[in-house]
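Worksheet: one structure, shown below.
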Amino acid sequence: MSQWQEFVAAHAEGGVLDGVVARVVPFGAFVDVDGHQGLLVTDAAPEPGSRVTVRIETIDVERRRFSLVRA
């Protein structure tokens, strides 16, 4: 089983997780959660390296992406 498959098996939409902000972009931030980066769409992006509590909004299994919102 790949790391992505393990991530999807362990986490579901609506799940609340802790992550670390990897990088900030104009429309939000990429947050590292269990070795995978998800997109947190927000107007007030946190600083890179800061810890945040997020909720998985959607998981796109085929494209290996997931979106996050603040929990």
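Here are the numbers for the structure shown:
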{"quantity": "Top-ranked residue of the range 43-71 - restricted to ones that are hydrophobic (A, V, I, L, M, F, W, C) and surrounded by fewer than 17 Cβ atoms within 10 Å (Cβ to Cβ), ranked as farthest from the chain's Cα centre (by Cα)", "calculated": "Ala44"}
{"quantity": "Filter pass, Gly28 being on the phi > 0 side of the Ramachandran plot and without any contact (Cβ under 8 Å) to a residue 40 or more places away in the chain", "calculated": "yes"}
{"quantity": "Single unsatisfied condition, Leu40 versus (1) loosely packed, with under 13 Cβ neighbours inside 10 Å; (2) modelled with pLDDT of 95 or more", "calculated": "(1)"}
{"quantity": "Test: residue in the range 20-27 that is of a type in the set (Gly, Ala, Ser), touching a strand residue (DSSP E or B) at 6+ places or on another chain (Cβ under 8 Å) and outside any helix (DSSP H, G or I)", "calculated": "yes"}
{"quantity": "Of the criteria (1) surrounded by 13 or more Cβ atoms within 10 Å (Cβ to Cβ); (2) out of contact with any Asp or Glu (no Cβ under 7 Å at 6 or more places or on another chain), which one Asp18 fails", "calculated": "(1)"}
{"quantity": "Subset tally (residues that are of a type in the set (Asp, Glu) and under 12 Å from Phe66 (Cα atoms)) for the range 5-54", "calculated": "2"}
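The values are calculated or read from the model by the stated rules, or taken from the named source; none is laboratory data. Here the structure is a predicted model, which means the values were calculated and not measured. A quick note on method: Cβ atoms are made from the backbone with ideal geometry, for glycine too, and the neighbour counts reach across all protein chains shown.
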